[in-house]
Every structure is written in C-alpha cells, then in structure tokens.
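What follows is a short report on a single structure.
The values are calculated or read from the model by the stated rules, or taken from the named source; none is laboratory data. All of these numbers come straight from a predicted model, not from anything done at the bench. Positions of Cβ are generated from backbone atoms using ideal geometry, with glycine treated the same way; all protein chains shown enter the neighbour counts. In case anyone asks, the SASA skips ligands and DNA or RNA and just uses the protein heavy atoms, side chains included. Shrake-Rupley method; radii C 1.70, N 1.55, O 1.52, S 1.80 Å.
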Amino acid sequence: MAFNALIVEKDDAGKTSAAVQQIELDRLPEADVTVAVEYSTVNYKDGLCIGPGGGLVRNYPHVPGIDFAGTVEASDDDRYKPGDKVVLTGWRVGEAHWGGYAQKARVKADWLVPLPDGLDTRQAMAVGTAGFTAMLAVMALEDHGIKDGPVLVTGAAGGVGSVATAILANLGHEVAGVTGRPETADYLKSLGATQIVPREELNETVKRPLESETWAGCVDAVGGAMLARVLGQMKYGASVAAVGLAGGAALPATVVPFLLRGVNLLGIDSVMQPYENRLRAWERIAKDLPMDKLEAMVQPATLSDLPKLGADILQGQVKGRVVVDVNA
Ligand code: NDP
C-alpha cells in the first residue's frame, strides 16, 4: 500500500528540492521495527535538512524528520509488538536514516522508547526533540544543583526555550526568559516566566569578564555572544546547560567565570542518549510538564507545510512547537 512521505531529492547540479510523494513500503530502509507514524515535528535540524544544500542529510533521496511518535505495525524485535505506542528522537534518524516525515518509518528497535504513561502520541511530539532536550538540560542542572534565584532561559520563545520555561516554572523555579521578539512576552508569561529579558540586553560582546551574580542556572539554546555574556553573570557555582547555537557557534568568552566563580558549563546532547536516560527523561516529561502549557505551545501542520516551516525555523520565526500530523 502506497503512503505519503516528504522526499528531499538532489539533482546533478547539487540543488535540493522537497515534495510530498506517494511511495511503497519496500522503499523504506532495512531495520527491525516498522512504525505507523502519527506525528512528527519541526526542529532546527529539520530546517537544515529540508532547506537548500541539505544541511545534515547523508543520503538522497531522503525523508527528513528527526523525531516521530506512532504505533508499531511490525517488529522483528522481542521488545516491541504490533499496537505498541512508541516515540523516537535522535540516533541521526532524519539525517542518515529516513525519518518521521512519512506515514511509515522503519527503524532499529534500540532507537525507540515506549510511550510513557500520561502522554499520547500527539503530546509526545508537541514535546519532540526540542522538549526532550529541554528536559535533559533541566536534569543536568538539577544534578549540579540549582541555586536560589532566577533561572535564565535563552531563545525562550523557541522550541527548547518554551518547554524549558514551562518545566522550570512548574518545578517552582523563578524563570527569566530571553527573547528577541517582545510580542511573545505574554506567551512566555503564560508558560510561567516571571521576567522577560530583551535579547539586545545580552547580545553585546563581553566587556567585563564578570558582572553581577544574577542567574541561579541557565538553559541556553542560543550560544555565541549571548552564552559568553551569560557566563559572567552566573551566581557562584551555578551551571549553564548549553543546548544550541541558534545565535552562533563561536564562543567569545574568557575563562574567568570558571576560575573565579566556579561556573559549570554542561554540554547537552540529545542524539546519542542511552536507552535508560531517554526513558528517564520521557518519564520526567510526563510528570513535570503541565499539559495545558504544552498545548499553548503547539502550532499544527501537515506534510505539505514543511518546506515553508523548515525555512521559518532557520530564521528564528517559529514560536513554540510545530506538530506535524502526517495523516492530515
Ligand atoms: P527554535 O528556532 O525553535 O528556537 C531558537 C530560538 O533562539 C529562537 O526562537 C529565538 O528565540 C532565538 N534565536 C534565534 N536566532 C537568534 C540569534 N541570532 N540570536 C539570539 N537568539 C536567537 O530552535 P529550537 O529551540 O528547536 O533549537 C534551539 C537550538 O538548540 C538550535 O541550535 C538547535 O540545533 C539546538 N538543539 C540541540 C539539541 C541537542 O541535542 N543539543 C537538540 C535540539 C535542539 P527568541 O525569538 O525568543 O529570541
């Protein structure tokens, strides 16, 4: 039975194009579990994979979509049987292996996680890779101890930032959200932020390596000059969970915040997380992320909306989380 998939192709001149096509099951890559995909999402990496040049794509033609949730249709692995609800993030799916922008996917059982109690497949993808990463970041901050005072979230109106804001606020932390879009202030407050920090306040390059001790912790989705600046504003012994580089990869910082304030810079990678960590993070998401706040972040989409949304996310124009109903 043919099904719909967003296929990205590359022509002889190296130009890529993305379009929804009908394909047969035998086009899917070999692996042990076939999933009837229900929802996928739009992450920053998906923007790179759909867009011109192909970004991170390793093989063409390609089905992007770095995450999905759905129901197992067939399985050669004892851990999964038809009818099981599953969620996938990471493992270079949607980059090196065909991903979630299709009504069917075939993947390794090792890459899947059973859907935790308390989440349906749509909610799991409202969270998606961005929200899963936000949870990993919060868990990393907790492991190192969150100080008293406001916790900063950069890129707050984006996917990682929105979920991090909602989780931290729900856990009882005071949350300050940095945004370059003042019109998102009410949205961020509805997620639980109590302070909105305009992006330009933190975009200046570091002039003094240490500023007032302000932040009790930080989830940073932006990197670049903003991360460098924030390091000098952390409280003594506080931690920054570095998640992304939406504002640049270069880090024009000094070592002084590490030497004189004992600041911890914690790198967060969602792609290669072992099974136990993924399970723990999904269970924490089901417990600590209020579903009404998650719903407020969601923008619905279909497969045919993806080329435009991929471009939008690279421009920092997507608010919250895009949930793609692949059967719509
Ligand atoms: P989004 O595009 O949804 O959010 C990024 C946000 O960053 C934007 O909404 C905007 O927030 C802010 N921003 C964008 N451009 C700039 C800029 N030039 N300067 C300052 N702020 C900027 O992306 P995601 O939340 O999905 O991902 C954020 C980052 O995290 C990306 O770099 C992504 O690749 C990375 N990531 C890493 C993962 C990992 O495993 N480490 C997993 C998932 C994502 P606002 O409008 O509020 O200012």
Fill in: Point-charge dipole on Cβ atoms (K/R +1, D/E -1) for segment 123-204, about Cα centre, debye to 20
200 debye
Practice prompt. Give me D for segment 1-134 in µm² s⁻¹, whole number, from Stokes-Einstein with Rh from the Kirkwood sum over alpha-carbon pairs, 37 °C and 0.692 mPa s.
Written response: 223 µm²/s
Fill in: Euclidean distance between Cα centres, segment 70-121 to segment 256-328, Å
18 Å
Worksheet entry | 1.4 Å probe accessible area per residue over the chain, in Å² | 41 Å²
Practice prompt. Select from His62, His173, His144 the residue whose mean-square fluctuation is largest in a Gaussian network model of the chain (Cα-Cα springs shorter than 10 Å).
Written response: His144
Worksheet item: Most fluctuating residue of Leu56, Leu25, Leu202 in a GNM of the chain with Cα springs under 10 Å: which is it?
Response: Leu25
Worksheet, complete the sentence: Expected unfolding gain across Leu25-Ser304 under the 0.36 nm per residue rule, minus the alpha-carbon gap, is 98.4 nm
Practice prompt. Taking the chain as the reference, fit the longest principal axis to its C-alpha atoms, fit the long axis of helix 275-288 to the helix C-alpha atoms, and give the angle between the two in degrees, 0 to 90, nearest 10.
Written response: 70 degrees
Fill in: Segment Lys81-Asp288, length gained on full extension (0.36 nm per residue, minus Cα span)
71.7 nm
Worksheet entry | Portion, in percent, of the accessible area of segment 129-267 that falls on carbon or sulfur, probe 1.4 Å | 52 percent
Worksheet item: Can you work out D for the chain in µm² s⁻¹ from Stokes-Einstein, where Rh is the Kirkwood radius over C-alpha pairs, the temperature is 10 °C and the viscosity is 1.306 mPa s?
Response: 79 µm²/s
Discussion item. Report for the chain the percent antiparallel among DSSP-assigned beta bridges with both residues inside it, nearest 5.
Written reply: 60 percent
Worksheet entry | Rounded to 10°, Cα long-axis angle of helix 159-170 versus longest principal axis of the chain | 60 degrees
Discussion item. Could you work out how much longer the chain between His144 and Asp312 gets when fully extended? Use 0.36 nm per residue separation minus the Cα distance between them, nm to one decimal.
Written reply: 57.0 nm
Worksheet item: Over all directions, what mean area does the Cα convex hull of segment 129-267 project, stated in square nanometres?
Response: 7.0 nm²
Fill in: log₁₀ of I(q)/I(0) at q = 0.09, 0.16 Å⁻¹ - segment 219-328, Debye sum with one point per alpha carbon
-0.36, -1.01
Item to complete: Give the calculated FRET efficiency between Leu210 and Tyr275 to the nearest 0.05, with a Förster radius of 41 Å applied to their Cβ-Cβ distance.
Response: 0.50
Discussion item. Between 0 and 90 degrees, rounded to the nearest ten: what's the tilt of helix 121-144 against the longest Cα principal axis of the chain?
Written reply: 40 degrees
Worksheet item: So which of Lys15/Lys108; Lys45/Lys108; Lys207/Lys235; Lys293/Lys319 end up more than 23 Å apart by C-alpha?
Response: Lys15/Lys108
